[in-house]
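This structure is in structure tokens; I'll ask about it shortly.
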Amino acid sequence: MVIINTYSGVSIIITGMHFRKLLMKVVIFLHVWRQGGFMIEAFIYILIFWATIAMVSSMIDLRKYNIEVYPFVLSFKTKRLNTFINKISTKYVSVWRKIWTVGVVISLCLMVFAVYLLIDNLVASFESRPITPVAPLIPGITITGYTLIYALLGITITAISHELAHGIAAGSEGLRVKSTGLIVIGVLFGAFVELDDREVKKLSPKRRLYVFSAGSASNVVIAFLFLALIATFPLIISPIYNTSPTGVVVVELVSDGPAYKAGITKGDVITHINNTPINGVNDLNKILSRTSPNDTVVVSTLRGNFTVRLSPCPRNSSRGYLGVYVFDYYSSRVPLLESILTPLFPYHIYETLLWTFMISFSVALFNMLPIPPFDGDRLLASILEAFNIRKNIRNYVRVTVACICTILLLLNIIFTFMSFGIVIFS
């Protein structure tokens, strides 16, 4: 039995993307000693969850429902999608093979790029250059709150597209999909496609490349599709919202910050500062860049005016600081709809698009690392076999490369922890 990508969506590594909008998120970097209580509480909830699952499985034979339970592992298998996958994969086989050929090229580029990023990140840490955080995304622990909802939608889209691509690629090569399913390991979860081991081994190395590269290739396509949606965001929401921002909406406040103390709340729409119109985030930044600590400004919102005494900006002590995280405010063409959905709704849409892009691209990238059980390891094995390299040498190369890449990945995670502490997205 061969399981293709049991980790898909299970172990997602997020790389810090340098997006201006992402800087508005509440990304909290705390060291372990400050997180002790939270981690213990999360661990208790996890134990309660798995104890409940164990108790239910002892009372009910879940295997009748295609559910299997092991210590800290829960899986669900189904054959209901087999017909659909086989039907779509056997149509236009020659077209699918051309697509998967492109997918192999994309995946090889991803493999090289992923290794390069890990090496460059380590070099940057020794050269005192800014490093890109590399951290595991663990639902409920390193990612919580609204961000967890955005990420779960992104994980779902990423996992479905990833596994569907594997299934279609396998079917177009004459392989029989035994089952598809979902899996939970500890606090991590994802999807998988189960293939027959003997059938996979009968394929030529070239045709195996099609199957193993399909998942990451599809994730890249999904990632750039969502990147296009982000780039045209005003157009996407134009049926319901005006396309030009007429203010900024407060998405979060710094606790005990100037705006918080003045009475400004999450969801408030800032339209003016000192009677100067604010038509987006850039306008707000320009105005604040001309202020100094202890300056008093009048912040006009749709809810009323607030007098705020600015504090020193953490990044530039000579500049005034309002203490808010904001997003462009798009007024609704249907005022009643805005009163129901609140002015934050476009922000939630944007964040969902952004997280789906980041997760899909991150999975595509790190899935191509030549480390078991990632697809990159299978891809490397098929390439080595295609060049008729002796089996003992192939195994030596695979183990060596896997060890090097594992060390690189672990060092990146360790250096991220040393630089930022535990990275929590909230």
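How high is the FRET efficiency from residue 271 to residue 77, r the C-beta distance, R0 45 Å, rounded to 0.05?
According to the calculation, E is roughly 0.25.
So which chymotrypsin sites (Phe, Trp or Tyr not before Pro) in region 134-224 pass both tests, a DSSP loop state and at most 10 other Cβ atoms within 10 Å of the Cβ?
Answer in residue order: no site qualifies.
Can you give me the relative contact order of region 245-329 as a percent, contacts being Cα pairs under 8 Å and 6 or more apart?
This gives 40 percent for region 245-329.
Could you quote the convex hull projected area for the chain, Cα atoms only and averaged over all directions, in nm²?
That works out to 24.7 nm², a quarter of the Cα hull's surface.
May I pose another question? Can you list which of the DSSP-assigned H helices in the chain have a Cα extent of 18 Å or more along the long axis and an average Kyte-Doolittle score of at least 1.6?
Going by DSSP H runs, the hits are 93-126.
When you count, for each residue, the other Cβ atoms within 10 Å and take the mean per peptide, how do 230-242, 109-121 rank with the highest first?
Averaged packing, sorted descending, gives the order 109-121, 230-242.
Continuing with this model, one more query. Counting other Cβ atoms within 10 Å of each Cβ, which GluC sites (Glu not before Pro) in region 117-202 have at most 11 and sit in a DSSP loop?
Hits after loop and neighbour filter: 127.
Can you give the % of DSSP beta bridges in the chain that are antiparallel, to the nearest 5?
95
Next question. Using Cα centres only, tell me the gap between region 313-343 and region 188-239 in whole Å.
Result: 35 Å between the Cα centres.
How about region 367-396: which chymotrypsin sites (Phe, Trp or Tyr not before Pro) there are in a DSSP loop, with at most 15 other Cβ atoms within 10 Å of their Cβ?
Sparse-neighbourhood loop chymotrypsin sites (Phe, Trp or Tyr not before Pro): 387.
Another question about this same structure. Calculate the FRET efficiency for residue 419 and residue 232 from the Cβ-Cβ distance with a Förster distance of 25 Å, rounded to the nearest 0.05.
E(calc), rounded to 0.05, equals 0.10.
Using 0.36 nm times the number of residues separating residue 46 and residue 333, minus their current alpha carbon distance, what extension gain do you get?
98.9 nm
Using C-alpha positions alone, give me the convex hull volume of region 245-329 per residue in cubic angstrom.
Output value, Cα hull per residue: 76 Å³.
Which order do 213, 362 fall in if you start with the one that has the fewest other Cβ atoms within 10 Å?
Fewest to most other Cβ atoms nearby, the residues stand as 362, 213.
Each value in this text was obtained by applying a stated rule to the coordinates, not by laboratory testing. The model shown is predicted, which means the values in this text are computed figures rather than measured ones. With ideal geometry, Cβ positions are generated from the backbone for all residues, glycine too; neighbour counts draw on all protein chains shown.
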